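One structure is given below, encoded as structure tokens.
Please treat every number below as a calculation from the coordinates, not as lab data. Computed from a predicted structure; not experimentally measured. Methodologically, a virtual Cβ is constructed for each residue, glycine included, from the backbone with ideal geometry; neighbour enumeration extends over all protein chains shown.
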Amino acid sequence: MNPEAVRQEARALLQAHDARPQHVLHVAYLATELFRELTPLHRLGEREALLLEVAALLHDLGRAARTGGLQHHKESARLIRQHPWQSLGPAEIEVVAQAARYHRKTVPHLGHQEFAMLPPPDQKLVMTLAALLRVADGLDRTHRQLVTGLRARIEPEQVTIQLFGSPNALEELTAARRKAILAELVFQRPFKFLLAAYGLTVSDAVALNPAPEPPSRADDRQSQS
């Protein structure tokens, strides 16, 4: 797998569907930073980092191209599978498609045919990449690129993500906390988010910060896609 060829092909697909890619480009940056900061936990390598980057670049393809009533995360997965990739193999395409598909709404589970058909190592990989992508997506909740960087402190009892950027990023803090439930499941410890330069935590936005709820499967009752 040639990383530059993969990136070029992914960006060409992005440009074909998204005329305003600032959000997904920033999410890809944050997801990659999060991946590297959490390497001691997931122990994945450069191949997996690249697949996460591609999934992040393409996770919102379905917003602009949505057809047939599919929700945009499912449409994104369809478009990724449909593209005639030259730089990725079938297994890699499916991992990217499913990581993008699970960036929102329900978490991966064996009630979904496509996920159930993956070999167990790829199921684990999809879970991990989707967990990171969800958090990164939350960190640009307002599409204003207010979070400009991050550092992780990994402890046995929790993971603390220190965020750098605007003091106005409380909505991003709240969204990341809400979307961290899959990361907490994958990494088996709670996640805490701190806007480092200002000492702000999610508790500073308590009015905006309901406790995370188990993801609903309602959106999948009619479809196994």
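Some observations on this one:
- Here's how it looks for residue 192: its modeled amide H is under 5 Å from those of 159, 160, 161, which are all 5 or more places away or on a different chain.
- Sorted by Cβ density within 10 Å, fewest first, the residues 25, 173, 51: 25, 51, 173
- Per residue, the average separation of C-alpha pairs within less than 8 Å and at least 6 apart gives region 8-155 a relative contact order of 30 percent.
- Note that region 1-42 shows a convex hull volume over its alpha carbon atoms of 81 Å³ per residue.
- Placing dummy labels 7 Å off each Cα toward the beta-carbon, the span from residue 153 to residue 81 is 4.3 nm.
- Kirkwood Rh (inverse of mean 1/r, distinct Cα pairs), region 108-152, angstrom: 12.3 Å
- Region 38-144: trypsin sites (Lys or Arg not before Pro) in DSSP loop, at most 13 other beta carbons within 10 Å: 43
- Counted residue by residue at 0.36 nm each, then reduced by the alpha carbon distance between them, the extension gain from residue 162 to residue 2 reaches 54.3 nm.
- The convex hull built on the alpha-carbon positions of region 70-206 has an orientation-averaged projected area of 9.5 nm².
- Label point distance in nm, residue 22-residue 144, each placed 7 Å from Cα along Cα→Cβ: 1.1 nm
- Shape parameters for region 18-64, alpha-carbon atoms, Rg then Dmax in Å: 11.6, 36
- Residue by residue, region 95-100 carries 3J(HN,Hα) couplings of 4, 4, 4, 6, 4, 5 Hz when phi is fed to the Karplus relation 6.51 cos²θ - 1.76 cosθ + 1.60 (θ = phi - 60°); x denotes Gly or Pro.
- Radius of gyration, Dmax [region 1-155; alpha carbons; angstrom]: 14.5, 45
- Per-residue HN-Hα couplings for region 49-55 [Karplus 6.51, -1.76, 1.60; θ = phi - 60°; Hz; x = Gly/Pro]: 4, 5, 5, 5, 4, 5, 4
- Here the simple spin-label model places points 7 Å from the Cα toward Cβ, and for residue 63 and residue 43 these points are separated by 3.7 nm.
- By the count of other C-beta atoms within 10 Å, a proxy for reagent exposure, 127, 117 are ordered fewest to most as 117, 127.
- The HN-Hα couplings worked out from phi for region 102-110 by the Karplus form 6.51 cos²θ - 1.76 cosθ + 1.60 (θ = phi - 60°) are 9, 6, 8, 6, 5, 7, x, 7, 6 Hz, whole numbers, x standing for Gly and Pro.
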